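Please treat every number below as a calculation from the coordinates, not as lab data. In this text, all values refer to a predicted model and were calculated from it rather than measured experimentally. Positions of Cβ are backbone-derived with ideal geometry, glycine not excepted, and every protein chain shown enters the neighbour counts.
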Amino acid sequence: MEDFSVLIGGRAGEGLNRAGQIIARLLNAHGYHIYMYYDYPSLIRGGHNFSIIRAATHSIGAHRTHVDVLLALNRETLILHSGRLREGGAIIYDSDAAKADGIGIPLSKILKEEGAPPITRNSGLIGAFARAAGIQWEVLERIIKKEFPKGTEINLKVARRGFDASEQKLRIDRPSMKGLPLVSGNEAIGLGLLRGGLTSYIAYPMTPTSSLLHFLAEVEGDFGLKVVHPENEIAVMLMAIGAACGGEKVAVGTSGGGFCLMTEGLGFAGMAECPVVIVLGQRTGPSTGLPTYTSQGDLLFARHASQGEFSRLVTAPADASEAFFWSSESLRLAWRFQIPAIILSDKTLSEGYYSLMVHSREQSSVEESGPGNEDRPYRRYRFTDSGVSPMAKMPTRGAVVKVNSYYHDEDGITTEDAAMTASMQEKLLRKGEALSKELGKYETVWTHGRGEDLALVCWGSNGPVCQETADILGARVVRPIVLHPFPEEAFGRALGSPAATVVVEQNATAQLSSILKGFGHRVDATVLKYDGRPFSVEELATRVQEVHA
Amino acid sequence: MREEGLISRAQNTWCPGCGNFAIQHAFKNAILELGSEGLSLDEVVLVTGIGCHAKMADYFNLNSVYAIHGRAVPAAAGLKIADPNLKVICCVGDGDAYAEGLDHLLFAAKRNMDMTIIVHNNRVYGLTTGQYTPTSPLGFRGKSTPTGTAEPPFNPIALMLNAGASFVARGYTRRQDQLRWMIKEAIMHRGLSFIDVLQICATFFDPHEVYDRMVYEPEGHDRSSIESAMRLASEWDYNSESRIPIGLFFQGERPVFEDRFRGVRPDIPSRENKIGMFLEGRR
Ligand SMILES: Cc1ncc(C[n+]2csc(CCOP(=O)(O)OP(=O)(O)O)c2C)c(N)n1
Ligand SMILES: [Mg+2]
């Protein structure tokens, strides 16, 4: 099979994210490219959760509406998702909880006989799935052992019972090659930051970036990383600035609400020229919104947050591979230009699982600007052509380093002088020009396909679904990865002059579209989605056809 | 820059008679003495909020972070996380630390971070021209409360004792020797040192006559006892006209938060290896 999907559903608290990951690893072990979408409401017990695991022989980063196998831990899953099942698809379900036309596994009975806890039910279904997919028991055994270091034995027992009670329905090809590393978007961001030189990570928990905090806290020992969870996001941002002054390479992570609290600190970082990387995982709506669902509603906010005017970098990677690369580069560029760099993620990217392809492109060798001997006496804000002053950390022998949130002179002493104010303002913006120039060396706009009839323009996690849709419709994709400073020249070149331009966004007001119009680009139609759920391939293809016949 | 001395070239813009001069003076002498006793001034960082007090950042030839209103303490915490050996001193205002940034103050005490917090407590917002603060007396008539406040003040000494600060003191600007001594002790203390310094605002709130009459240095107070410290703290509620004890209320020993960040860093090649190993495990 070249491309197929498995949906596993049940109640919150039944370990459906974990179950999805195990299925993903099973398929990954057979050399497939994997994408996994996990859908869950914001509660700990009860409610409906499901994971869609898609496997394909080509690179993917989006889910499909239709599934080939439906794994149901309860009746609700069957009611909600039976309509997705492709003709000839298989249902595997708990026959003690529901009735269906498929492979019934008596999970309650099995658990009782094995004396197993309720959380192992999903292992029974996974075992049954493995058999149905023609996966060898040894492969499943190996993965369960790895994924359940605790409770290995009991999970294996339940899985084996499910395996034995099942029958083969599909044929998974023999392992053709070793699978790629399977990581979540947040793990890719974390690893990218580490690769870029991260030494501290400071965050207050907030979906969808909490799992980045958890991941980095887990590996802090391995990487000598300092992970801190302070009292609130205001403290997060200020601690990050303090840490940067002390020589740390530091990142923070949050979602919209936390980013609101960080904005005063963001302006401080801009004014005081303290580098910091902000991972902003978008979720749906203003205020608390839909905490566990996705959105691209914060693009303009990320570009403009804070009073006043200063330079910043905003990037929006599309999948784990891009997230890995751009997290590393964001950190390097933030330190090189002494600016805040925002990585715009969303629930889809942060919590989705992807096969990671490490860019063949080598990471840049971004040189840093420490103070030299000519810098005596040291001046934290010395004027230079690029606007970038040599950055000395505290302490530096013989240097007095003065960092200031007021307009200041070259020494960092407060000023209200008109000429100095204007010069410092220009210095802050000159760094942005230097940054733009540097970005010219990067692939800041991603393109795909050839068709001259239709160009789909999108950003962030919509990249992969647009790519597949474009392939179906014979269209092209043009996707800016860097969103600020906007790579207008590269974008114009990439867009060319298609007959029609349709902008696809996961928000209600077409924010990228408004940026494009600002640069004088024609937007013929927009396809917007703001219900918190990412587009499936089929859904997007239909929506695009509705506006572009 | 420091060759020019500890006081910078920045023009001083405090009002004549401002209590900040006395704190600046005590601070300068404390630093000079510590310097002559072997403290490296390169390792001192002065972190301030925003307000009249905060101009300290400009006035000293020391490393400084002139932060934003209420947020000196978390910036200072970040510095300590980066380098636990730094001597970080926060000069903050009462509006700054007790209103806008109270959360950070309490958490710094809870964590017992090894840094010093000096509150320039003039019991008024100076820079914004005279509104009440959390330590203004009940009924204070400020520009935002022309008919008088309806809320009694906090007792920051009691608050900080409760929150876990391991060095808690109160100073008065017109007790120079004690203030200088206290600042020195605070800087050298391992753990969170907190000094609430009673200071007048020459323009908007000047109770120096009351302070002169009421402040006293208690004798025989047991500084190692949190109960005695609490009792002493309750002698004055920042509201009534009662005796005002000044001096070191409490000094204790507790583990310091940032100690867990003293450690070696793996070099860059070993980082790359570790990333590679992690990814290999995910195949
Ligand atoms: C977020 C924010 N809110 C308000 C202000 C305006 N502001 C500047 S200083 C200040 C109060 C200063 O009072 P205090 O901290 O007691 O310092 P003092 O001037 O008395 O030394 C205020 C409200 C600000 N700079 N930032
Ligand atoms: Mg004040």
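Provide the convex hull volume over Cα atoms per residue for the stretch B:1-83, in Å³.
Convex hull volume per residue, Cα atoms: 97 Å³.
Quick one: check the C-alpha center-to-center distance for the stretch A:214-233 versus the stretch B:209-255, whole angstrom.
With the stretch A:214-233 and the stretch B:209-255 each reduced to a Cα centre, they are spaced 39 Å.
Pop a pseudo-label 7 angstrom from the Cα along the beta-carbon direction at both B:Phe21 and A:Val547 and give the gap in nm to one decimal.
It works out to 6.8 nm between the two label points.
Could you give the longest part of chain A that holds none of the trypsin sites (Lys or Arg not before Pro) found in DSSP loops with at most 12 neighbouring Cβ atoms within 10 Å? Each step should come with its number before you reach the end.
Numbers: sites that count: A:Arg45, A:Lys99, A:Lys150, A:Arg171, A:Lys178, A:Arg361, A:Arg397, A:Lys441, A:Arg450, A:Arg522.
The longest uninterrupted stretch comes out as A:179-360.
Strictly greater than 44 Å: what percent of every Cα pair in chain A meets that?
For chain A, the share of Cα pairs beyond 44 Å comes to 21 percent.
Mean residue ellipticity at 222 nm from the helices of chain A, using -39,500 (n - 2.57) per DSSP H segment of n ≥ 4 over the full residue count, to the nearest 500 deg cm²/dmol?
Working: 18 runs with 210 residues, N = 549.
Theoretical 222 nm ellipticity from helices: -12000 deg cm²/dmol.
Among A:Lys150/B:Lys80; A:Lys249/A:Lys441; A:Lys427/B:Lys87; A:Lys347/B:Lys80, which pairs are too far apart, with a Cα-Cα distance over 29 Å?
From A:Lys150/B:Lys80; A:Lys249/A:Lys441; A:Lys427/B:Lys87; A:Lys347/B:Lys80, over 29 Å: A:Lys150/B:Lys80; A:Lys427/B:Lys87; A:Lys347/B:Lys80.
Averaged over its residues, how many other protein chain Cβ atoms are within 10 Å of peptide B:270-281's Cβ atoms?
So the per-residue partner count for this stretch is 5.
Can you pull the one-decimal nm distance between simple spin-label points at A:Ala499 and B:Ile268, each 7 Å off the Cα toward Cβ?
The two pseudo-label positions are separated by 5.1 nm.
Sorted from largest to smallest, which semi-axis lengths in Å does the alpha carbon gyration tensor of the stretch A:403-549 give for its equivalent ellipsoid, taking the root of 5 times each eigenvalue?
Output for the stretch A:403-549: semi-axes of 39, 16, 13 Å.
With an 8 Å Cα cut-off and a minimum separation of 6 or more residues, compute the relative contact order for the stretch A:1-48 in percent.
This gives 46 percent for the stretch A:1-48.
In percent, what relative contact order does chain A have, based on Cα pairs under 8 Å that are 6 or more apart in sequence?
Here the relative contact order equals 12 percent.
May I ask you to order A:199-205, A:113-119, B:79-85 by the average number of other C-beta atoms within 10 Å around their residues, highest value first?
Packing proxy ranking, top to bottom: A:199-205, B:79-85, A:113-119.
Quick one: net charge around A:Ser82, please, counting Lys, Arg +1 and Asp, Glu -1 for every other residue with C-beta under 14 Å from its C-beta. If you can, show how the numbers build up before the last one.
Values: positive: A:Arg75, A:Arg84, A:Arg86, A:Lys99; negative: A:Asp68, A:Glu76, A:Glu87, A:Asp101.
Net of charged neighbours comes to 0.
For chain B, what is the relative contact order in percent, using Cα pairs closer than 8 Å and at least 6 residues apart in sequence?
Relative CO of chain B lands at 18 percent.
Mind giving me the FRET efficiency for B:Glu217 and B:Lys143? R0 is 35 Å, r the Cβ-Cβ distance, nearest 0.05 is fine.
For R0 = 35 Å, the calculated efficiency reads 0.50.
Are there any GluC sites (Glu not before Pro) in the stretch A:144-177 that are in a DSSP loop and have at most 12 other Cβ atoms within 10 Å? List them by number.
Passing sites in the stretch A:144-177 are A:Glu167.
What FRET efficiency do you get for A:Tyr530 and A:His304 if R0 is 22 Å and r is their Cβ-Cβ distance, rounded to the nearest 0.05?
Working: r = 20 Å, r/R0 = 0.91.
Computed FRET efficiency for A:Tyr530 and A:His304 comes out at 0.65.
Using a Förster distance of 30 angstrom, determine the FRET efficiency expected from the C-beta separation of A:Lys145 and A:Asp222, and round it to 0.05.
Calculated value: 0.85.
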